[in-house]
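Structure, as structure tokens:
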Amino acid sequence: MNRLRVFLAALVFVGLMSHAVWADVVPGDVINSTNYQKIEGLVPDYVLDWVKKGDLTMKIGKLNVDPKEYWPQVVKDNWKSNIGKYKISDNHTIVDAATGKPVRNIKGLPFPEPDPKDPKMPVMLMWNQKFLEYYVKGPTQYTLNWFSIGRRGLEKNFLLDSYMMQAEPNSEYDFLELSVFKSPMSVAGVGTLAFYCLDTTKEGLRFAYTPELRKIRRMAVRMAGSDTVMGFDSAPDDFWSGGERDALNMSNYRFIEEKDALVPYVCADPEKLVRASNGALQGGFSVSGRKLTMGYEDKNWKGAPWHLTNIIWVKSRVYVIESKDKSPNYNYGTVQGWVEKGTFVPSFKRNTDVNGKYWKGNYYCGVPMQSTDGKFKIIYKFGNVMVDSRRDHGSAYCDIFREGGLCYFEYNSINKNLFTRAGFEKFAK
């Protein structure tokens, strides 16, 4: 009998020890290849694999802000009135819930509290991400840093300017975007100007300019968003968590689940935004000096050289969604996105090839940002990493958190002539 009791006690002890190994994470934990089991189920499979084989070490932290409070005033003012006001049509256009007709000039977020029971809920998440990008921050300007990194270290670093704004109410288009590369000299001046419509059945307009041609070429607005850009690992569609950004109607979406997750954040405390001389709220490296560090720069880093080493991973809730493109020319097969609940910021994206085999994995960093007077607050996406498993190669998009990086929100004095063919050509030159 005594031997039986000892045996049973030993089993209980082993069970407790096993549970301890698989325990949940807490702020202050450092997760690496020795204790990767602690994050199983909290991150996508490819992130778990990076940690397991030593490519990634995760520092667990917590936010010192309440995400529920971090919305611009236009979102807060229209939160309750927008609940149930809009729905998604069969072609993934936002329509009036009462009339079924396409709508324009939406204030705030169109779907502040999307219902997971609604089969169109994943598309609502994608529209919320578009509104975060183009609408709720007012006109914006970014100077962004992109890094291409191999196992031996840095290969190239590009700097680009990006401008975004909502179109004038009387325009046939709804939102406008201009992007031009600034450096290195080999690509300086290469840029695009695009005009998009909220109604997915309507065509937008896109122009491209290259210094070699010294002229503007009109291009299809619905270009293949799965083609990589300038030799980096991400394609245009990889800068959000869904399928085609410029042709929402070309992807089928499915909601998978809501779950606990560990999501990356640049910092725990709000990044400072100051009012610049042009009237806009300015932030980024130029204001705070905050710098995202990559593995190849950190002598103590033992992992892959493309990962960000000074971010934190925060326990949160996410929506997991799946998309599959209908275009025969699309490079990706099934795509899985993890979207943080409450902020609608993308957290992860898992891309397969057309045969369904895992190909690329991405993570995106959220950033709480606040003006010095406390009147403007937002949690936005700045800084992400894409890893191409076929090339064993990565790209780190440190965005505004490197030398030269900056953002302008509420940039109401932005030069609107930039968003014309003549203004774009002059600017690119």
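Could you give me the residue pairs with C-beta distances under 7 Å whose first residue belongs to the stretch 91-103 and is touching a residue at least 12 places away in the same chain (Cβ under 8 Å), whose second residue is aromatic (F, W, Y) wherever it lies, and which are 6+ apart or on separate chains?
Pairs that qualify, where the first residue is touching a residue at least 12 places away in the same chain (Cβ under 8 Å) and the partner is aromatic (F, W, Y), are I94/Y86; I94/W127; A97/Y86; V103/Y86.
Looking at G383, G374, G404, G366, which one is without any contact (Cβ under 8 Å) to a residue 12 or more places away in the chain and under 29 Å from A276 (Cβ atoms)?
G374
Among the listed residues K76, K68, K80, K101, identify the single one that is in contact with a strand residue (DSSP E or B) (Cβ under 8 Å, 6 or more places away or on another chain) and open to solvent by 70 Å² or more (accessible area, probe 1.4 Å).
Numbers: K76 fails: in contact with a strand residue (DSSP E or B) (Cβ under 8 Å, 6 or more places away or on another chain); K68 fails: in contact with a strand residue (DSSP E or B) (Cβ under 8 Å, 6 or more places away or on another chain); K80 fails: in contact with a strand residue (DSSP E or B) (Cβ under 8 Å, 6 or more places away or on another chain).
Testing whether each residue is in contact with a strand residue (DSSP E or B) (Cβ under 8 Å, 6 or more places away or on another chain) and open to solvent by 70 Å² or more (accessible area, probe 1.4 Å) leaves just K101.
Could you say whether any residue in the stretch 158-168 is open to solvent by 40 Å² or more (accessible area, probe 1.4 Å) and more than 24 Å from G361 (Cβ to Cβ)?
Looking for residues that are open to solvent by 40 Å² or more (accessible area, probe 1.4 Å) and more than 24 Å from G361 (Cβ to Cβ), one finds at least one in the stretch 158-168, hence yes.
Which one is nearest to M164 (Cα to Cα) among residues in the stretch 197-206 that are in contact (Cβ under 8 Å) with a residue 40 or more places away in the chain and open to solvent by 20 Å² or more (accessible area, probe 1.4 Å)?
Looking at residues that are in contact (Cβ under 8 Å) with a residue 40 or more places away in the chain and open to solvent by 20 Å² or more (accessible area, probe 1.4 Å), I get D199.
Any idea which of V47, V25, V65 is closer than 21 Å to Y364 by Cβ and not in a loop (DSSP other than H, G, I, E, B)?
Working: V25 fails: not in a loop (DSSP other than H, G, I, E, B); V65 fails: not in a loop (DSSP other than H, G, I, E, B).
V47 is the lone residue from the list that is closer than 21 Å to Y364 by Cβ and not in a loop (DSSP other than H, G, I, E, B).
Per-residue answers, yes or no, for (1) touching an Asp or Glu at 6+ places or on another chain (Cβ under 8 Å); (2) open to solvent by 10 Å² or more (accessible area, probe 1.4 Å):
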position: V229; (1), (2): no, yes
position: D233; (1), (2): yes, no
position: D238; (1), (2): no, no
position: G242; (1), (2): no, no
position: R245; (1), (2): yes, yes
position: F285; (1), (2): yes, yes
position: R290; (1), (2): yes, yes
position: G303; (1), (2): yes, yes
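Pairs under 7 Å by beta carbon, first residue on the phi < 0 side of the Ramachandran plot and at pLDDT below 95 in the stretch 152-171, partner surrounded by fewer than 15 Cβ atoms within 10 Å (Cβ to Cβ) and not basic (K, R), six or more apart or different chains?
P169/N105
In this structure, does M250 turn out to be over 15 Å from S323 (Cβ atoms), in contact (Cβ under 8 Å) with a residue 24 or more places away in the chain and open to solvent by 30 Å² or more (accessible area, probe 1.4 Å)?
For M250, the condition - over 15 Å from S323 (Cβ atoms), in contact (Cβ under 8 Å) with a residue 24 or more places away in the chain and open to solvent by 30 Å² or more (accessible area, probe 1.4 Å) - is not met.
Sort through K326, K299, K259, K272 and tell me the only one that's in contact with a helix residue (DSSP H, G or I) (Cβ under 7 Å, 6 or more places away or on another chain) and surrounded by fewer than 16 Cβ atoms within 10 Å (Cβ to Cβ).
Exactly one residue qualifies, and that residue is K326.
Specify the residue that is nearest to the chain's Cα centre (by Cα); the eligible residues are those in the stretch 323-369 that are assigned to a strand (DSSP E or B) and among the hydroxyl-bearing types (S, T, Y).
Here is the first cut: in the stretch 323-369, the residues assigned to a strand (DSSP E or B) are 323-325, 332-340, 346-353, 358-369.
Checking the rest, the ones that are also among the hydroxyl-bearing types (S, T, Y) come to 323, 332, 334, 347, 352, 358, 363-364.
Working: S323: 16, Y332: 18, T334: 18, S347: 7, T352: 18, Y358: 20, Y363: 8, Y364: 5 Å.
Across the stretch 323-369, the extreme among qualifying residues is Y364.
Out of the residues in the stretch 85-98 that are open to solvent by 60 Å² or more (accessible area, probe 1.4 Å) and out of contact with any strand residue (DSSP E or B) (no Cβ under 8 Å at 6 or more places or on another chain), which is farthest from A304 (Cα to Cα)?
We begin by selecting, within the stretch 85-98, every residue open to solvent by 60 Å² or more (accessible area, probe 1.4 Å); these are 85, 87, 90, 98.
Still in the list and also out of contact with any strand residue (DSSP E or B) (no Cβ under 8 Å at 6 or more places or on another chain): 90, 98.
Numbers: D90: 43, A98: 52 Å.
The extreme case among them is A98.
Tell me whether the stretch 170-177 contains one or more residues that are assigned to a loop (DSSP other than H, G, I, E, B), open to solvent by less than 20 Å² (accessible area, probe 1.4 Å) and closer than 19 Å to G423 by Cα.
At the first step, the residues of the stretch 170-177 found to be assigned to a loop (DSSP other than H, G, I, E, B) are 170-174.
Then drop every residue that is not open to solvent by less than 20 Å² (accessible area, probe 1.4 Å), which leaves 174.
Checking the rest, the ones that are also closer than 19 Å to G423 by Cα come to 174.
Yes, the stretch 170-177 contains at least one residue that is assigned to a loop (DSSP other than H, G, I, E, B), open to solvent by less than 20 Å² (accessible area, probe 1.4 Å) and closer than 19 Å to G423 by Cα.
So which residues in the stretch 82-108 are within 24 Å of the chain's Cα centre (by Cα), within 18 Å of Y173 (Cα to Cα) and of a type in the set (A, V, I, L, M)?
Of everything in the stretch 82-108, those that are within 24 Å of the chain's Cα centre (by Cα), within 18 Å of Y173 (Cα to Cα) and of a type in the set (A, V, I, L, M) turn out to be I94, I106.
Taking the stated definitions as given, is Y408 in contact with a helix residue (DSSP H, G or I) (Cβ under 8 Å, 6 or more places away or on another chain), assigned to a strand (DSSP E or B), of a type in the set (F, W, Y) and buried (at least 21 other Cβ atoms within 10 Å of the Cβ)?
no
Looking at K117, is it closer than 26 Å to K326 by Cα, assigned to a strand (DSSP E or B), at pLDDT 95 or above and open to solvent by 80 Å² or more (accessible area, probe 1.4 Å)?
no
Out of everything in the stretch 104-114 that is open to solvent by 50 Å² or more (accessible area, probe 1.4 Å) and free of Cβ contacts under 8 Å to residues at least 40 places away in the same chain, what residue ends up being nearest to F255 (Cα to Cα)?
Among residues in the stretch 104-114 that are open to solvent by 50 Å² or more (accessible area, probe 1.4 Å) and free of Cβ contacts under 8 Å to residues at least 40 places away in the same chain, the one nearest to F255 (Cα to Cα) is E113.
Residues to consider are L125, L132, L56; find the one that is part of a loop (DSSP other than H, G, I, E, B), in contact (Cβ under 8 Å) with a residue 40 or more places away in the chain and either touching an Asp or Glu at 6+ places or on another chain (Cβ under 6 Å) or surrounded by 21 or more Cβ atoms within 10 Å (Cβ to Cβ) (or both). Can you show your working first?
Numbers: L125 fails: part of a loop (DSSP other than H, G, I, E, B); L132 fails: part of a loop (DSSP other than H, G, I, E, B).
When all the criteria are applied, what remains is L56.
Taking the stretch 386-405 as the search range and keeping residues that are out of contact with any Gly (no Cβ under 6 Å at 6 or more places or on another chain) and assigned to a strand (DSSP E or B), which one is surrounded by the most Cβ atoms within 10 Å (Cβ to Cβ)?
A396
Applying the selection to the stretch 174-196, what residues are more than 24 Å from the chain's Cα centre (by Cα) and without any contact (Cβ under 8 Å) to a residue 40 or more places away in the chain? Before the answer, list the steps.
First pass over the stretch 174-196, keeping only residues more than 24 Å from the chain's Cα centre (by Cα): 184-189.
Within the stretch 174-196, P184, M185, S186, A188 meet the criteria.
The values are calculated or read from the model by the stated rules, or taken from the named source; none is laboratory data. Note that the structure is predicted; figures quoted are calculated from it, not measured. Here Cβ is always computed from backbone atoms with ideal geometry, including for glycine, and neighbour counts include all displayed protein chains. Side chains are part of the model used for accessible areas, which takes the heavy atoms of the whole protein and leaves out ligands, DNA and RNA. Shrake-Rupley method; radii C 1.70, N 1.55, O 1.52, S 1.80 Å.
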